[in-house]
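Structure record follows, encoded as structure tokens.
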Amino acid sequence: MSKVIASITTSVDGYITGPGDGPEYGLGRGGERLHYWVMGGPWTYEGGHDFAMHGPDKEFYDGLVSTMASGVVGRGMYDAAGAWGGTNPFPGTLFVLTHRTADQPAPETGFRFVADLETALGQAAEAAGDGDVGIGGGAGVIRQALAAGRVDELVISTAPVILGAGKRLFDGFDRDMNLQVAKVYSSPYATHVRYTVTK
């Protein structure tokens, strides 16, 4: 049975970006440290980077995306990532939650703009078939999906850094939820925990 899996990386103090996130500095000032695990080590916006994860980080990522068949992200994440160079790098169609749907990119890019969460999740589930639907952020999209009871699994990668400022994953979230630890991976760059959401 297909699942909805929300995944994101945070700092130890719960931030998903440093201050000043956006197209110039996608993860904010200092926020690139959150994704050392993705790049296989330290990198900077100015110095460029390669996608070279390895060891437990790659094992975690490969396992996570192996069942994904479509995804949902917010417009902020899409814009901050520079639309991933104009082509969806993830499995299946990526549904972008946005109130600005008029600038819909061409279908061959792999992106589809959708105006509300329920529609995005419905279309993503249809596109995924028997596969899983991934929710990749930002924080607001994950909070909305959790509050709506639509998340089956919450995956949090915690980077060993304290940012002190930026955008928090659970800022303003007031739900009481039980989670069950399903699997844990750890590397020098992150501890990845897959939680089953108890419903």
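General remarks:
- Selected residue [in a strand (DSSP E or B), farther than 20 Å from P160 by Cβ and in contact with a helix residue (DSSP H, G or I) (Cβ under 9 Å, 6 or more places away or on another chain)] from A83, A69: A69
- Boolean, T87 is within 20 Å of G71 (Cβ to Cβ), hydroxyl-bearing (S, T, Y), free of Cβ contacts under 8 Å to residues at least 60 places away in the same chain and buried (at least 16 other Cβ atoms within 10 Å of the Cβ): no
- Top-ranked residue in the range 21-33 [being over 21 Å from L154 (Cβ atoms) and modelled with pLDDT of 85 or more; ranked as surrounded by the fewest Cβ atoms within 10 Å (Cβ to Cβ)]: R29
- Residue check, A69 among the small types (G, A, S), in contact with an Asp or Glu (Cβ under 8 Å, 6 or more places away or on another chain), under 16 Å from I142 (Cβ atoms) and in contact (Cβ under 8 Å) with a residue 60 or more places away in the chain: no
- Test: residue in the range 46-65 that is within 23 Å of L117 (Cβ to Cβ) and crowded, with 18+ Cβ neighbours inside 10 Å: yes
- Test: L27 is assigned to a helix (DSSP H, G or I) and within 14 Å of the chain's Cα centre (by Cα): no
- Scanning the range 114-134 for residues being buried (at least 19 other Cβ atoms within 10 Å of the Cβ), hydrophobic (A, V, I, L, M, F, W, C) and within 24 Å of G26 (Cβ to Cβ) gives a total of 5.
- When we screen G137, G172, G164, G149 for residues that are surrounded by 14 or more Cβ atoms within 10 Å (Cβ to Cβ) and in a loop (DSSP other than H, G, I, E, B), the only hit is G137.
- Scanning the range 123-134 for residues that are within 12 Å of the chain's Cα centre (by Cα) and either closer than 20 Å to G22 by Cα or in a loop (DSSP other than H, G, I, E, B) (or both) yields a count of 0.
The values are calculated or read from the model by the stated rules, or taken from the named source; none is laboratory data. Note that this is a predicted model, so its numbers are computed, not measured. Positions of Cβ are backbone-derived with ideal geometry, glycine not excepted, and every protein chain shown enters the neighbour counts.
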